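Chemist: Below you will find the structure I want to go over with you.
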Amino acid sequence: MSLSYSHQLLSPDPHAKHIEVPCFMQMLKMERKVQSARRHESIYWHLASHGVPKSLHCLCLKLAEEYAVNAMARSHLPPPEFVSHLTDPSFDHIVLLTDNVLAASVAISSTIKSSVKPEKLVFHVVTDKKTYTSMHAWFAINSVNSAVVEVKGLHQYDWPHEVNVGIQDMQEIHHLIWSHKYDNLKDIEYKEEHERNLEILNLSCVSLLNHLRIYIPELFPDLNKIVFLDDDIIVQHDLSSLWELDLNGKVVGAVVDSWCGHACCHGRKYKDYFNFTEPIISSNLDRDQCGWLYGMNVFDLQTWRKTNITANYHRWLKLVSIFCSIVLIYENITSILCFGNSDFILQNLNSGLTLWHPGALPPALLAFEGHVHTIDPSWHVAGLGHRFPQVSQQVLEAASVIHFSGPAKPWLEIGIPEVRSLWNQHVNFSNELIRKCRIIG
């Protein structure tokens, strides 16, 4: 600002002051409008990530119809001559837990395309009951070259009673945590620091298929080593050496440090997942420790079965349940005695339901503590589903697996065009059902 202009602003001239005040108020009003528009844009962007596109819904309906009327769509997966491959340890077994047909097809086709020996690959796709017919029909009609694909619905598993009870308890507690977070946030005026909460409130955080990862040894009792893939990934390089990887007695192989260097894990340190105001969290965990990446992992199921990982997972969930039980008992007693302490109830409810953010990763970080073998960051580059992914072209090209973790999934219109094109390369846009449902890149 020049000296002469500053002098004019400080001038006692009443006419100048008469002009300055309205201008300042107008600028302040405009600034508030801009901030409000940004807040609304962010909210609408996140809301757009919560829905299922009409095109994907159409694809599922068309495939379900095919399953009903087309015998080929109901044919055995895999064909009888390949059933023995499903439990053969000499093959490379890949597990996907998903209810997204298109995403599953892209994950599988990209893995096969990148494989040096696709004939060694066996894919195990687990889905829910409502998606089973569509998922089965897709892979029955669109058979993959060389590799074997199995599609199984959760309703087809015959688990022991204790496993069913454990899964039911797990689902209920995760839903309680999510609902509590939602109730506390829905009436709060949105600020920039709340943006992460909008992502957490996505219903995928309470998806049974997301949380069932902790039951992979029960899902596949005859397998010894598997690679787990999320459905929002593409594979760019051969994965075969993952099955030969020595995990040094650990259960899971995962990327911990990002491509940007040691202890570089912006947005996924323990403090981003856990509530360190709770003594049980702060006394057991390091707030600056990097959380490992879920989405492309090697699991040694033989070693897992010898540990207490799943039991430890349920112990932490039980802790949430105990806090909630204290609240219920206290409410019952105080209702009988006609007195109550709402602060006590709120404090204990918060203690139980705010130990960690909703989602599959936080309780897994607790359960797998001490059982994680760090693998090279080039195996798995994540975060491409966020609005401004800070990943160089060189890092993207070198990555074996690209993970669209975050709200902007590549099958959504809000998907980032620069990285969405990488995913679109593996969609078969010439497929008749893809064209009928107007799925476009």
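The values are calculated or read from the model by the stated rules, or taken from the named source; none is laboratory data. As the structure is a computational prediction, the values presented were derived from the model and not from experiment. Every residue, glycine among them, receives a Cβ derived from its backbone with ideal geometry; neighbour counts consider all protein chains shown. SASA here: full protein model, heavy atoms, side chains in, ligands and nucleic acids out. Shrake-Rupley method; radii C 1.70, N 1.55, O 1.52, S 1.80 Å.
Chemist: Calculate what fraction, in whole %, of the accessible area of the stretch 224-311 sits on carbon and sulfur atoms when a 1.4 Å probe is rolled over the protein chains.
Modeler: Taking all protein chains in place, the stretch 224-311 shows 46 percent carbon and sulfur surface.
Chemist: So for the pair residue 26, residue 57, with labels modelled 7 Å out along Cα→Cβ, what separation do we get in nm?
Modeler: 4.6
Chemist: Roll a 1.4 Å probe over the protein chains and send me the accessible area per residue for the stretch 259-310 in Å².
Modeler: Working: 2550 Å² over 52 residues.
Accessible surface, normalised per residue, equals 49 Å².
Chemist: Calculate, for residue 35 and residue 428, the FRET efficiency according to 1/(1 + (r/R0)^6) with r their C-beta to C-beta distance and R0 45 Å; round to the nearest 0.05.
Modeler: Details: r = 44 Å, r/R0 = 0.98.
So the FRET efficiency works out to roughly 0.55.
Chemist: Same structure again: Determine the relative contact order of the stretch 36-182: mean sequence separation of Cα pairs under 8 Å and six or more apart, normalised by residue count, in whole percent.
Modeler: The value is 26 percent.
Chemist: Still on this model: Here are some pairs, 29/181; 62/409; 117/250; 152/225; 181/318; which of them have Cα atoms lying more than 29 Å apart in this structure? Working shown, then result.
Modeler: Numbers: 29/181 33 Å; 62/409 22 Å; 117/250 27 Å; 152/225 19 Å; 181/318 18 Å.
Pairs exceeding 29 Å: 29/181.
Chemist: Got a sec to turn the phi values of the stretch 203-210 into Karplus ³J(HN,Hα) couplings, 6.51 cos²θ - 1.76 cosθ + 1.60 with θ = phi - 60°, whole Hz, x for Gly and Pro?
Modeler: Per-residue couplings from phi come out as 5, 4, 5, 10, 5, 4, 4, 5 Hz.
Chemist: Right, here's the next one. If amide H atoms are built 1.01 Å from N in the plane of the peptide, which residues on other chains or at least 5 residues away come under 5 Å of the amide H of residue 225?
Modeler: The answer is 301.
Chemist: Under 13 Å from the Cβ of residue 54, count the other residues' Cβ atoms, weight Lys and Arg +1, Asp and Glu -1, and hand me the total.
Modeler: Here the count lands on +2.
Chemist: Rounded, prolate or oblate: which one fits the stretch 236-309, using the alpha carbon gyration tensor with axes a ≥ b ≥ c (rounded when a/c is under 1.5, else prolate when a/b beats b/c, else oblate)?
Modeler: oblate
Chemist: Report the label-to-label distance for residue 280 and residue 175 in nanometres (one decimal), using points 7 Å from each Cα along the Cα→Cβ vector.
Modeler: A separation of 2.2 nm, rounded to one decimal place.
Chemist: Here's something else I'd like to know. Carbon and sulfur together cover what percent of the accessible area of the stretch 130-180 at a 1.4 Å probe radius? Intermediate values should be presented prior to the final figure.
Modeler: Details: 1170 of 2420 Å².
On the stretch 130-180, the fraction of accessible area on carbon and sulfur atoms equals 49 percent.
Chemist: What's the ranking of 402-409, 359-366, 280-287, 140-147 by average number of surrounding C-beta atoms within 10 Å, highest first? Can you show the working numbers first?
Modeler: Details: 402-409: 22.9, 359-366: 21.2, 280-287: 13.4, 140-147: 16.0.
Result, highest mean Cβ count within 10 Å first: 402-409, 359-366, 140-147, 280-287.
Chemist: Now a separate question. Would you please classify the overall shape of the stretch 266-313 from the alpha carbon gyration tensor, given that a ≥ b ≥ c denote the square roots of the eigenvalues, rounded means a/c under 1.5, and beyond that prolate means a/b larger than b/c while oblate covers the rest?
Modeler: Oblate.
Chemist: Another question, then. Please calculate the 1.4 Å probe accessible area of residue 271, with all protein chains present, and give it to the nearest 10 Å².
Modeler: 90
Chemist: Could you run the Karplus curve 6.51 cos²θ - 1.76 cosθ + 1.60 with θ = phi - 60° over the stretch 22-28 and give me ³J(HN,Hα) per residue in whole Hz, x for Gly and Pro?
Modeler: Taking θ as phi minus 60°, the curve returns x, 5, 4, 5, 5, 5, 5 Hz for the stretch 22-28.
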